[in-house]
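The values are calculated or read from the model by the stated rules, or taken from the named source; none is laboratory data. Just so it is clear, the model here is predicted, and its values are computed rather than measured. A quick note on method: Cβ atoms are made from the backbone with ideal geometry, for glycine too, and the neighbour counts reach across all protein chains shown. Note: accessible area is taken over every heavy atom of the protein model, side chains too, but ligands, DNA and RNA are not part of it. Shrake-Rupley method; radii C 1.70, N 1.55, O 1.52, S 1.80 Å.
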Amino acid sequence: MGSHSQKTESGNKLFGRKKGHALSARQQSLIETLLPVLSLSLPGDDSLPLEPASLFADAVKEVWFEVGFGKGEHLAEQARRHPEIGFIGCEPFINGTASLLSLIDEKGLGNIRIHSDDAWDVLARLPEASLGRFFLLHPDPWPKNRHAKRRFVNRETLGRLACLLMDEAELRIGTDHPVYCRWIMQEMNHCPDFDWIAETAADWRSPPSDWPTTRYGKKAKAEGRATAYLSFRRKAREGVAENA
């Protein structure tokens, strides 16, 4: 489970630890050498948009985005399976970033860019309809009512994602926490730009074939916590065909 940042009325605020246990010598070396190469560079002028496809040396078909990538297993596996896709991963927890860097180094992945800070720094700068898929897996549920405003899924965030996702693009959210699952569905019900991709209970109780299992997902299953695999499709924008 990754750390997740959340924009509030007072501005961007980061919730979650930035560092845990000490890094190994190899991890520290990758932080010093590989991370600068793969770090996402934001334009210095705040008024300038970030063109995501321009972040990658090779041409990419689409750009997919993961917030709070945890140890990076899901992000690295998606990047391995889809070399034609560019990936942006955001994770403020330095140990998670170090773990992802190890996977990138081991697998020789060149289609990942990393932002080791608040995801809103990037989301606020991306142009409309610039993302082909968005992942939020096992976010911190903040189960107490007084902390509900810290949950990444809320109407403001969903409105921004509706802007950033292409027509027919997929928003994937995974959670093993029943409080957060109910919260997600409540918030999605107030977001008219998405359709829930589920026809039967099996469609959200079992992961899609292209949803790699993470160690956190395995841990949740071993401890008897069922994960809800929630997929939503961005509806086509109205008037696009007529104005084309």
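Does Ser99 satisfy being touching a residue at least 24 places away in the same chain (Cβ under 8 Å), hydroxyl-bearing (Ser, Thr, Tyr) and farther than 24 Å from Leu164 by Cα?
Working: touching a residue at least 24 places away in the same chain (Cβ under 8 Å): yes; hydroxyl-bearing (Ser, Thr, Tyr): yes; farther than 24 Å from Leu164 by Cα: yes.
So Ser99 passes the test.
Take the residues in the stretch 139-172 that are modelled with pLDDT of 95 or more and small (Gly, Ala, Ser); name whichever of them is surrounded by the fewest Cβ atoms within 10 Å (Cβ to Cβ).
Gly159
Please name all residue pairs, on different chains or six or more residues apart, with Cβ atoms under 7 Å, provided the first residue is in the stretch 208-231 and is in contact (Cβ under 8 Å) with a residue 40 or more places away in the chain and the second residue is assigned to a helix (DSSP H, G or I) and hydrophobic (A, V, I, L, M, F, W, C).
Between residues of the stretch 208-231 that are in contact (Cβ under 8 Å) with a residue 40 or more places away in the chain and residues that are assigned to a helix (DSSP H, G or I) and hydrophobic (A, V, I, L, M, F, W, C), the close pairs are Thr227/Ala220; Ala228/Cys181; Ala228/Trp204; Tyr229/Trp204; Leu230/Ile184; Leu230/Trp204.
Which one of the conditions (1) among the acidic types (Asp, Glu); (2) within 23 Å of Ala162 (Cα to Cα); (3) modelled with pLDDT under 95 does Glu66 fail to meet, given that it meets all the rest?
Only one criterion is unmet by Glu66, namely (3).
Name the single residue, out of those in the stretch 107-120 being touching a strand residue (DSSP E or B) at 6+ places or on another chain (Cβ under 6 Å) and of a type in the set (D, E, K, R), that is least open to solvent (accessible area, probe 1.4 Å).
Here is the first cut: in the stretch 107-120, the residues touching a strand residue (DSSP E or B) at 6+ places or on another chain (Cβ under 6 Å) are 111-115, 118-120.
Then drop every residue that is not of a type in the set (D, E, K, R), which leaves 113, 118.
Details: Arg113: 29, Asp118: 7 Å².
Looking at residues that are touching a strand residue (DSSP E or B) at 6+ places or on another chain (Cβ under 6 Å) and of a type in the set (D, E, K, R), I get Asp118.
If I ask for residues that are open to solvent by less than 30 Å² (accessible area, probe 1.4 Å) and either under 18 Å from Met166 (Cα atoms) or in a strand (DSSP E or B) (or both), which ones from the stretch 51-62 would you list?
To start, the set of residues in the stretch 51-62 that are open to solvent by less than 30 Å² (accessible area, probe 1.4 Å) comprises 52, 56.
Pro52 - this is the single residue of the stretch 51-62 that is open to solvent by less than 30 Å² (accessible area, probe 1.4 Å) and either under 18 Å from Met166 (Cα atoms) or in a strand (DSSP E or B) (or both).
Being hydrophobic (A, V, I, L, M, F, W, C), touching a His at 6+ places or on another chain (Cβ under 8 Å) and either under 21 Å from Gly174 (Cα atoms) or open to solvent by 10 Å² or more (accessible area, probe 1.4 Å) (or both) narrows it down to one of Leu103, Leu131, Leu123, Leu136, so name that one. Break it down into steps so the answer makes sense when it comes.
Numbers: Leu103 fails: touching a His at 6+ places or on another chain (Cβ under 8 Å); Leu131 fails: touching a His at 6+ places or on another chain (Cβ under 8 Å); Leu123 fails: touching a His at 6+ places or on another chain (Cβ under 8 Å).
After applying the criteria, what remains is Leu136.
List every residue pair whose Cβ atoms lie under 6 Å apart, where the two residues are 6 or more positions apart in sequence or sit on different chains, the first residue falls within the stretch 63-77 and is under 15 Å from Gly110 (Cα atoms) and open to solvent by 10 Å² or more (accessible area, probe 1.4 Å), and the second residue, located anywhere, is among the aromatic types (Phe, Trp, Tyr) and in a strand (DSSP E or B).
Trp64/Phe87
Can you go through Glu91, Glu51 and tell me which one is at pLDDT 90 or above and over 25 Å from Gly108 (Cβ atoms)? Write out each step before concluding.
On the way: Glu91 fails: over 25 Å from Gly108 (Cβ atoms).
Going through Glu91, Glu51 in turn, the sole match is Glu51.
Looking for something outside any helix (DSSP H, G or I) and either more than 22 Å from Gly70 (Cβ to Cβ) or open to solvent by 60 Å² or more (accessible area, probe 1.4 Å) (or both) - is there at least one such residue anywhere in the stretch 183-190? I'd like the intermediate steps shown before the answer.
Filtering the stretch 183-190 for residues outside any helix (DSSP H, G or I) gives 190.
From the residues that got through so far, the ones that are either more than 22 Å from Gly70 (Cβ to Cβ) or open to solvent by 60 Å² or more (accessible area, probe 1.4 Å) (or both) too are 190.
Looking through the stretch 183-190, at least one residue is outside any helix (DSSP H, G or I) and either more than 22 Å from Gly70 (Cβ to Cβ) or open to solvent by 60 Å² or more (accessible area, probe 1.4 Å) (or both).
Can you give me the number of residues within the stretch 201-244 that are assigned to a loop (DSSP other than H, G, I, E, B) and either closer than 17 Å to Arg182 by Cα or of a type in the set (Lys, Arg) (or both)? Show your work before the answer.
Step one: list which residues in the stretch 201-244 are assigned to a loop (DSSP other than H, G, I, E, B), which gives 201, 206-214, 223-227, 235-239, 244.
Filter once more, keeping what is either closer than 17 Å to Arg182 by Cα or of a type in the set (Lys, Arg) (or both): 201, 225-227, 235, 237.
Residues meeting the conditions: 6.
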